[in-house]
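Okay, structure first, notes after.
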């Protein structure tokens, strides 16, 4: 079984490249008290971990939505308290609708869920495989390891798409759970990569039935079986491919309650 390595640190040049922004943009986030490097040696050399880089991407995305520093700051301190931000977003131009929907998902109660039939676009991904026991893994840890490798490889991340894990499970598509070891793929959506890089896959557009909820990865078996039942009830045929996305990207942190994660499970259908 593959196991994650120790957390790595990256230079400001590596972090800026991964985020597709300039060094000055990262420095400005720091000046505005929105981003703090994992390490700042001698007041000059800055080093960033995966959590810093994912936070920088989220901050820049909020800037692009039209949010100001004063509106972004509360989201960083208390990301669950976003009702006021949603109200402001709803007054903005129509092309922010997708962002508003995603923010609303983050206010779900623990017992609530949202089921949607979506059309996912063609996606270029950096992919790393893991052979794991079905349903027993820590998504955050494997996500962190794969992001670290993608940064070191020189990939530029896609701001508009979230990393996810995918697996082919014919048993779950048939409505049963068979214990065993399966090959899971952690996929990091990217815009660009070095030409010599091998671990790149272009995923075709696909239709997916998804359910979004507050919870843990250990809820997956029951959630997956329910999702395939819902698909068949809607006249859709599960293909066997499943995607798991952590909408609120909580990179491993002892202070974060796993129950605070917002997860989206998708069943690719025909």
What's the total number of residues in segment 39-59 that are crowded, with 16+ Cβ neighbours inside 10 Å and part of a loop (DSSP other than H, G, I, E, B)?
1
Of residues in segment 14-24 being part of a helix (DSSP H, G or I) and out of contact with any helix residue (DSSP H, G or I) (no Cβ under 7 Å at 6 or more places or on another chain), the one surrounded by the fewest Cβ atoms within 10 Å (Cβ to Cβ):
24
Assess whether residue 157 counts as being in contact (Cβ under 8 Å) with a residue 40 or more places away in the chain, in the same structural domain as residue 237 (by TED's automatic domain parsing) and surrounded by fewer than 18 Cβ atoms within 10 Å (Cβ to Cβ).
no
Helices (runs of 4 or more DSSP H) fully within segment 64-165 counting 3 or more residues that are at pLDDT below 85 and either within 22 Å of residue 267 (Cβ to Cβ) or in contact with a strand residue (DSSP E or B) (Cβ under 9 Å, 6 or more places away or on another chain) (or both)
97-105
Yes or no: residue 150 within 20 Å of residue 227 (Cα to Cα) and in contact with a helix residue (DSSP H, G or I) (Cβ under 9 Å, 6 or more places away or on another chain)?
no
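The values are calculated or read from the model by the stated rules, or taken from the named source; none is laboratory data. Every value quoted in this text rests on a predicted model; they were computed, and no experiment measured them. Virtual Cβ from ideal backbone geometry, glycine too; neighbours counted across all protein chains shown.
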